[in-house]
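Take a look at the structure below.
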Amino acid sequence: MSLQDQIEKLKQDMSGQTPPDVQQTMQQAAEKLEHSGILDHSLKAGDTAPNFTLPDAHGDHVNFVDTLEHGPVVLSFYRGGWCPYCNLELQALQQVLPQIKELGAQLMAVSPELPDQALSTVEKHALAFTVLSDRGNRVVRDFGIVFTLPEALRPIYAKFGIDLPARNGDDSFELPVPATYVIGRNGIIMGGFVNTDYMQRMEPERILDILRND
């Protein structure tokens with residue numbers, strides 16, 4: 001089953017558990033983000049990825065350019081461990097991690113969550129790749145994919161038990177648009193996938209195709 005097939009199944013399951021008024025509010029927010037123009041400013045294939053240094057789930061700092069010295073990097077931006085669609089993607093990436101490594105590349109995931117939250121995600125899903133904490137969405141901002149969660153959605157998230165200020169360590173309510181970038185050793189983006197619809201993600205097989213054609 002492809003990642004998108006898994007997402008569609010989850011989408012159907014969750015739709016039946018979500019009240020119509022909540023669905024409507026979420027749909028309106030999704031449409032507003034879609035028409036915000038954020039994708040026009042996001043980095044794309046051919047652009048140079050910005051350098052950064054971030055702490056991983058264990059608090060150790062990882063420098064992006066240093067990592068590139070060992071080969072291409074697959075960089076996945078996700079909203080947080082509270083997002084079931086993100087978790088499906090992380091699990092799918094874990095499954096193709098051996099192939100990514102065989103192709104000489106490395107895999108890193110980035111979210112705005114604090115390191116302890118990132119560690120919980122790593123442990124819960126037995127992730128064997130680097131998970132980084134981008135507190136304040138500084139790196140996400142450099143990639144042009146940061147947005148602010150609308151106020152209408154904040155009480156809905158709270159009812160779902162999602163406390164973004166506590167998980168992210170600030171009260172900005174900023175999140176990344178989920179995105180995946182495949183970046184060559186020279187820092188140039190070889191391929192990317194950015195979609196304001198958080199239920200759309202790059203298929204892992206597409207990542208492998210890009211790496212094979214490097």
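Computed from the coordinates by the stated procedures, all read-outs in this text should not be read as laboratory data. Computed from a predicted structure; not experimentally measured. Heads up, the Cβs are rebuilt from the backbone with ideal geometry, glycines too, and the neighbour counts pull from every protein chain shown.
Counting beta carbons within 10 Å around each of Val139, Val74 and listing the fewest first gives the order Val139, Val74. For the residue pairs Lys11/Lys101; Lys44/Lys124; Lys101/Lys124, alpha carbon separations beyond 27 Å are given by Lys11/Lys101; Lys44/Lys124.
Cβ crowding within 10 Å, taken as a proxy for footprinting-reagent exposure, orders Thr130, Thr180, Thr148 from fewest neighbours to most as Thr148, Thr130, Thr180. Within the chain, which complete DSSP H helices have Cα atoms spanning at least 24 Å along the helix axis and a mean Kyte-Doolittle hydropathy of -1.0 or higher? In the chain, the long hydrophobic H runs are 84-102.
Ranking of Ser42, Ser111 by neighbouring Cβ atoms within 10 Å, starting from the fewest: Ser42, Ser111.
As a ratio to 2.2 N^0.38 Å, the alpha-carbon radius of gyration for the stretch 1-62 is 1.71.
Using Cβ point charges alone (K and R +1, D and E -1), the dipole size of the chain about the Cα centre works out to roughly 100 debye. Hull volume per residue, based on the alpha-carbon atoms of the stretch 52-153 and their convex hull, is 99 Å³. Across the options Gln24, Tyr85, Ala166, the greatest Cα extent toward the positive end of the charge dipole of the stretch 3-212 (unit charges at beta carbon of Lys, Arg, Asp, Glu) belongs to Tyr85. Comparing Pro98, Val139, Pro50 along the charge dipole axis of the stretch 3-212, the residue lying farthest to the positive side is Pro98, per the Cβ-charge model. In the stretch 3-212, the DSSP beta bridges split such that about 65 percent are antiparallel, to the nearest 5.
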